[in-house]
Each structure stands twice: as C-alpha cells, then as structure tokens.
Amino acid sequence: MTAPSDALSRRLSFLAELEKLKSVTRQSRLVDGSRNENSAEHSWHLAMFAMVLAPHAPGVDVGRVIELLLVHDIVEIDAGDVPYHLAGKDLAKIAEAENAAAARLYGLLPGAEGQRLRAHWDEFEAAETPEARFAKGLDRLQPVLLNLMTDGGTWDDFAVTEEQVMARCGPPIEGASPDLWAAATDLIRAHFAARRADA
C-alpha cells in the first residue's frame, strides 16, 4: 500500500482536527431544551440559513457565503466560543487568541489551500464584501431565532434586554438584508412585549 502524499496527509490531518469543533459548546440551546448546540452544528445550520434565505439577499454569491460560514468558527477549536453578552470580556485578548488559532489551524493545510481558507476567515471577520455581510448577519440571526424559539433561552440566563439585542444584532442583520431585519425586529419586539405584559 502506498503512503499518502504529504499534501494528502496534511488535508486529512486538517479534517481530523475539525472533529474537535463538535466539542465546542455554544450558549444557544437546542429548541427541545435538551442541551446546548455545538459550534459544528451552528456552522451547518448557518450554511442552511444561507441556502434558504438567499432570496432575501439578491445578487449575493450564496456558494461563497456558505464557504465563509463553514470556516468562520473553526478558530473556536483553540479559542473557544465567547458569548456576546458575557460581561467584561477582553476583545483585544479574544482577537489575539482567534488570530493565533487561525494561523495554526489553517496552517495545517498545504500552503495555498490554507491561505485560501484563512482569507475566507479574514473576509468574514472584516464583513466588507456583500457575501461577508450576509454571512455575518446570518450569524447574528440564528441565535436570535433560537432564543425566541426557547422562550428567551440564554437571553434570560444573562438578563439580556431588548435594547441589547437590538443594538448587537440590528446593524449586522440589517446590513445583510433589510427584509430579514424587519422580520426579526417584529419577532424580538413581540417577545419582549409579551414578557412585559406577564411581569
């Protein structure tokens, strides 16, 4: 039996390393409440969001959006997932950890291949292209929907207010698709209005 080439060995090693993303626990819970989702599930779900919600972002290259979404959280293998509503988080330290993780993880692949995926990650983080803005907006929309579908979910755990949700999620979702933000706004406001009525 012939040993795999160095390039193939590196590709297989990278794919094996990605298995660890299934063990990175996020704050969002599954809709049935049985457990929290992991980052691999989150990335898959976002890829489906891109496919299904593409009509609300005309002109966007959905295939590229899916590529961005599938690589955007790989750095969490090393850096972990930091909830956006966690008080006192050190953004500079988080960025440093994620950049080091990107260098290591995408560096597992052969040169140009690793550089291409790293460029996808950088594009997502910068959120300057239409595809990256759509991807970033979906990344904010998915947890919003999960929290709404779990009657407040982690918003309740961290005492997140309507104003915080609107401020954190509004700009990226609206930048991705005004249609999606209009729908999300209605759902968010209805949720918090019902909470106030029950108080």
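Any idea how many residues of segment 27-37 are without any contact (Cβ under 8 Å) to a residue 60 or more places away in the chain and closer than 19 Å to residue 86 by Cα?
The number of residues fulfilling the criteria is 1.
Check 170, 137 and return the single one that is in contact with a Ser or Thr (Cβ under 7 Å, 6 or more places away or on another chain) and assigned to a helix (DSSP H, G or I). Can you show your working first?
Values: 170 fails: in contact with a Ser or Thr (Cβ under 7 Å, 6 or more places away or on another chain).
Being in contact with a Ser or Thr (Cβ under 7 Å, 6 or more places away or on another chain) and assigned to a helix (DSSP H, G or I) holds for just one of 170, 137, which is 137.
Looking at this structure, is residue 190 assigned to a helix (DSSP H, G or I), of a type in the set (A, V, I, L, M, F, W, C) and open to solvent by less than 90 Å² (accessible area, probe 1.4 Å)? So that I can check it myself, show each step before the final result.
Values: assigned to a helix (DSSP H, G or I): yes; of a type in the set (A, V, I, L, M, F, W, C): yes; open to solvent by less than 90 Å² (accessible area, probe 1.4 Å): yes.
In short, yes.
Sort out which residues of segment 38-68 are assigned to a helix (DSSP H, G or I), closer than 17 Å to residue 130 by Cβ, open to solvent by 60 Å² or more (accessible area, probe 1.4 Å) and without any contact (Cβ under 8 Å) to a residue 24 or more places away in the chain, and write them in order of number.
Listed by number, the residues that qualify are 51, 55.
Applying the selection to segment 98-133, what residues are over 14 Å from residue 10 (Cα atoms), surrounded by fewer than 17 Cβ atoms within 10 Å (Cβ to Cβ) and among the hydrophobic types (A, V, I, L, M, F, W, C)?
Scanning segment 98-133 gives 100, 103, 119, 126.
In this structure, does residue 11 turn out to be open to solvent by 70 Å² or more (accessible area, probe 1.4 Å), more than 13 Å from the chain's Cα centre (by Cα), at pLDDT 95 or above and closer than 20 Å to residue 125 by Cα?
no
Which residue is modelled with the highest pLDDT, if the candidates are limited to segment 87-123 and must be within 19 Å of residue 28 (Cβ to Cβ) and more than 16 Å from the chain's Cα centre (by Cα)?
89
Looking only at segment 85-98, which residues are part of a helix (DSSP H, G or I) and without any contact (Cβ under 8 Å) to a residue 12 or more places away in the chain? Before the answer, list the steps.
From segment 85-98, those part of a helix (DSSP H, G or I) are 91-98; that's our starting set.
If the condition is that a residue be part of a helix (DSSP H, G or I) and without any contact (Cβ under 8 Å) to a residue 12 or more places away in the chain, then 91, 92, 93, 95, 96 are the ones that fit.
Would you mind finding the one in 71, 65, 75 that is more than 18 Å from residue 22 (Cα to Cα) and modelled with pLDDT of 95 or more? Give the derivation first.
Values: 71 fails: more than 18 Å from residue 22 (Cα to Cα); 75 fails: more than 18 Å from residue 22 (Cα to Cα).
Criteria check complete, one pass: 65.
Filter segment 137-163 down to the residues that are under 14 Å from residue 195 (Cβ atoms) and among the polar types (S, T, N, Q), then identify the one that is surrounded by the fewest Cβ atoms within 10 Å (Cβ to Cβ).
Among those residues, the one meeting the criterion is 161.
Considering segment 69-80 alone, what residues qualify as being open to solvent by less than 40 Å² (accessible area, probe 1.4 Å) and either farther than 18 Å from residue 127 by Cα or assigned to a loop (DSSP other than H, G, I, E, B) (or both)?
72, 73, 74, 75, 76, 77, 79, 80, listed by residue number.
Could you check residue 199 against (1) within 28 Å of residue 62 (Cβ to Cβ); (2) open to solvent by 20 Å² or more (accessible area, probe 1.4 Å) and say which number it fails?
For residue 199, the exception is condition (1).
The values are calculated or read from the model by the stated rules, or taken from the named source; none is laboratory data. No experiment lies behind these values; they were computed from the predicted model shown. Neighbour counts are summed over all protein chains in view; Cβ atoms, including those assigned to glycine, are modelled from backbone coordinates with ideal geometry. Accessible surface areas use protein heavy atoms only, side chains included; no ligands, DNA or RNA. Shrake-Rupley method; radii C 1.70, N 1.55, O 1.52, S 1.80 Å.
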